[in-house]
Amino acid sequence: RAAVSAYADQAFLNQCARSNAEERQRITTFLQQSGLTPLPSQANFIAFELPGRADDAYQSLLSQGVIVRRLHSYDMADWLRVSIGSTEENSRFMAALAAYLEMRNDR
């Protein structure tokens, strides 16, 4: 019943779709400006490449309380996938990834 009710609320669904698209673009832009390669996406997630660093980045993000997904099972060992969340959650992801990238550049 809850799903049917939610589906019937078109204004809410439209707002969710708009928010997802805006946040997806914000993260995509951040990744590109950070020198990373995101795959084009129309979904609620973005896959991005970190050649030779995906596992290290995954561990760094996890240690900062940010959960992303490794893509080893898709034969994409150098890639991570992040789900689109709220503006605050996405900002936290971007800050954590920026901190990791900055640390890597200092080495």
For the stretch 1-51, the Cα gyration tensor yields equivalent-ellipsoid semi-axes (√(5λ), largest first, whole Å) of 30, 11, 6
Counting every C-alpha pair in the stretch 33-81, the percent lying more than 16 Å apart is 38
Here the alpha-carbon Rg of the chain over 2.2 N^0.38 Å rounds to 1.18
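Provide 82, 4 ordered by accessible surface of protein heavy atoms (probe 1.4 Å), highest first. Let's see the in-between values first.
Details: 82 5, 4 105 Å².
Of 82, 4, the descending order of accessible area is 4, 82.
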With all protein chains in place and a 1.4 Å probe, residue 88 shows an accessible area in Å² (nearest 10) of 130
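With all protein chains present and a 1.4 Å probe, how do 45, 12 order by accessible area, largest first?
The ordering from most to least exposed comes out as 12, 45.
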Between the Cα axis of helix 10-33 and the main Cα principal axis of the chain, the angle (0 to 90°, nearest 10) is 10
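Can you work out the FRET efficiency for the pair residue 2 and residue 44, with r the C-beta to C-beta distance and R0 = 22 Å, to the nearest 0.05?
0.70
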Computed over the chain, protein heavy atoms only, probe 1.4 angstrom, the accessible area per residue in square angstrom equals 63
Helix 54-63: inclination vs the chain longest Cα principal axis, degrees, rounded to 10, gives 70
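The values are calculated or read from the model by the stated rules, or taken from the named source; none is laboratory data. These numbers come from a predicted model, not from an experiment. All Cβ positions, glycine included, derive from the backbone under ideal geometry; neighbour counts span all protein chains shown. What goes into the accessible areas is simple: the full protein's heavy atoms, side chains included, and nothing from ligands, DNA or RNA. Shrake-Rupley method; radii C 1.70, N 1.55, O 1.52, S 1.80 Å.
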